[in-house]
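The values are calculated or read from the model by the stated rules, or taken from the named source; none is laboratory data. Remember, it's a predicted structure, so these values are computed and weren't measured experimentally. Note that each Cβ is placed from the backbone with ideal geometry, even for glycine, and that neighbours are counted across all protein chains shown. Calculation scope for accessible area: heavy atoms of the full protein, side chains included, ligands and nucleic acids excluded. Shrake-Rupley method; radii C 1.70, N 1.55, O 1.52, S 1.80 Å.
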Amino acid sequence: MKKKMLLLNTTVLLGLGGVLSTPAYASTIQDMESQKSQIQNQRQDVQSNIKAASDELTRLQAEQDQMKAQLERLTLAEEENNKKAQKTEADIKETSKQVDQLEKEIKLLQEKLEKRNDILKDRARSMQESGGNVEYLQVLLGSSSFGDFVDRALAVSTIVDADRGILKETKNMQDELKTKQEDVKSKLASLEDMKAELDEMTVQLAAQKKQKDALAKELKDKEAKNEELKASLQSKDSSLANEQSTLEQNIKDQKAAEEAARKAAEQAAKEAAKKAAEQAQKAAAAPAEKADSPSPKAASKASSNDVAPTSAPAPKASNVVTVGNRWIGNSAYVFGGGRSQSDISHGLFDCSSFVHWAYSQVGVNLGPLGSVSTETLKHAGTQVSSSQMQPGDLVFFDTYKKDGHVGIYVGGGKFIGAQSSTGVAIANMSSGYWKQKFNGRVVRI
């Protein structure tokens, strides 16, 4: 009977232990937890890539905004330069008309002077025939040209006062017309030089705008690709999130099932223990086997001990060489620009106005802003040899005219200035175009 009871208790305990250990549940949850961990790691990688894509989009947007601002400046500069080019063309036409009119007036004057020349020569011959002064005749008739004749006639003291007045008046008119014609022709030449530079500048600005448009398109394409990448990553993250959510629900369901099984096993153990206790009491009633029968309390304690619980798893002058760096990439060249606060606010300069602005930022006044030019700047300081050139010195270049461009030497064979092709920029004067145009003039302020 004792052996029978031991066998019964052992069977109950083994059955209870098998239920409570639930190896299938533990293995399934462990696998799902591992999968969940892998998905979380993948989501971290994806979210990191999403953040990188977002940061790149922010950077590209800032770059694109800066590029748009520069394109707006270039457009404004192009409009201003076109206006100035049109005005220059109109001035050239007007000046050409003035030159044509002057040439007509000079031609008429020359015809009148030729007639006077004939009259004076006739009077000289008449004087010769009547025994006039031979010296007078030799002086007048020996002239090589009419101009020479007038000069000789004025020098001869024997000429009558009336003739002297006529000759002086005629010569004064001729000198005035020649002077005026030279002035107009000089102005016309200057305007033509300006027009040549404006034409060149317009071509350069058009090329620059084309380059900027291409860059803007490139930035836009990059932005679109990055948006596409970001959308793809977000879609993948959403898919992983759904997969993670499904796994978490499965784990929750599995744990609930395990908890239900555990409770069922505990209930079964209680019932088995109760049944064993009852059998033990019956067995205790038999005197022969009383000592060998385990008490219900002992059986219950043994059962309890054998079952393992289950758990779920201030500015300085020297700064003039760097003060203009703020305009690099943020400015545009306008012929005659930079002479109003509006132009300066928009970064619209020509070479001389930029130099004036840069020096004003370090407390040096280079004269009235409205009249500053390369001509005024080359007389603003002390001329020094190019071999003694220092940072901050003004350097001059022969472009469309002598001393047509000016910049600020920054050292290392380079200068900063407002160039027609780039706006404010640092350029190399040790080689290439600017080396050819540098005329050796250096002015120290």
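Answer yes if at least one residue in segment 370-384 is among the charged types (D, E, K, R) and more than 29 Å from the chain's Cα centre (by Cα), and no otherwise. Steps first, answer last, please.
Here is the first cut: in segment 370-384, the residues among the charged types (D, E, K, R) are 375, 378.
Now drop any that are not more than 29 Å from the chain's Cα centre (by Cα), which leaves 375, 378.
Scanning segment 370-384, I find at least one residue that is among the charged types (D, E, K, R) and more than 29 Å from the chain's Cα centre (by Cα), so the answer is yes.
Out of segment 338-349, which residues are within 19 Å of the chain's Cα centre (by Cα) and open to solvent by 10 Å² or more (accessible area, probe 1.4 Å)? Steps first, answer last, please.
If we filter segment 338-349 for residues that are within 19 Å of the chain's Cα centre (by Cα), which is where we start, we get 343-349.
The answer is ASP343, ILE344, SER345, HIS346.
Quick check: anything in segment 184-191 open to solvent by 70 Å² or more (accessible area, probe 1.4 Å), under 29 Å from PHE335 (Cα atoms) and among the basic types (Lys, Arg)?
Among the residues of segment 184-191, at least one is open to solvent by 70 Å² or more (accessible area, probe 1.4 Å), under 29 Å from PHE335 (Cα atoms) and among the basic types (Lys, Arg), which makes the answer yes.
Six or more apart or on different chains, Cβ under 8 Å: which pairs go from a residue in segment 172-188 that's under 17 Å from ILE92 (Cβ atoms) to one that's among the hydroxyl-bearing types (Ser, Thr, Tyr)? Could you list them?
VAL184/THR95; LYS187/THR95; LEU188/THR95; LEU188/SER96
Regarding segment 18-31, can at least one residue be identified that is at pLDDT 85 or above and open to solvent by 80 Å² or more (accessible area, probe 1.4 Å)?
The initial filter retains those residues of segment 18-31 that are at pLDDT 85 or above, namely none.
The answer is no, given that none of the residues of segment 18-31 is at pLDDT 85 or above and open to solvent by 80 Å² or more (accessible area, probe 1.4 Å).
Conditions tested, residue by residue: (1) in a helix (DSSP H, G or I); (2) over 27 Å from GLN98 (Cα atoms); (3) out of contact with any strand residue (DSSP E or B) (no Cβ under 6 Å at 6 or more places or on another chain); (4) open to solvent by 70 Å² or more (accessible area, probe 1.4 Å).
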position: THR170; (1), (2), (3), (4): yes, no, yes, no
position: GLU197; (1), (2), (3), (4): yes, no, yes, no
position: LEU205; (1), (2), (3), (4): yes, yes, yes, no
position: LYS210; (1), (2), (3), (4): yes, yes, yes, yes
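Determine which member of the set THR399, THR422, THR376 is modelled with pLDDT under 95, of a type in the set (Ser, Thr, Tyr) and open to solvent by 50 Å² or more (accessible area, probe 1.4 Å). Working first, answer last.
On the way: THR399 fails: open to solvent by 50 Å² or more (accessible area, probe 1.4 Å); THR376 fails: modelled with pLDDT under 95.
The unique qualifying residue is THR422.
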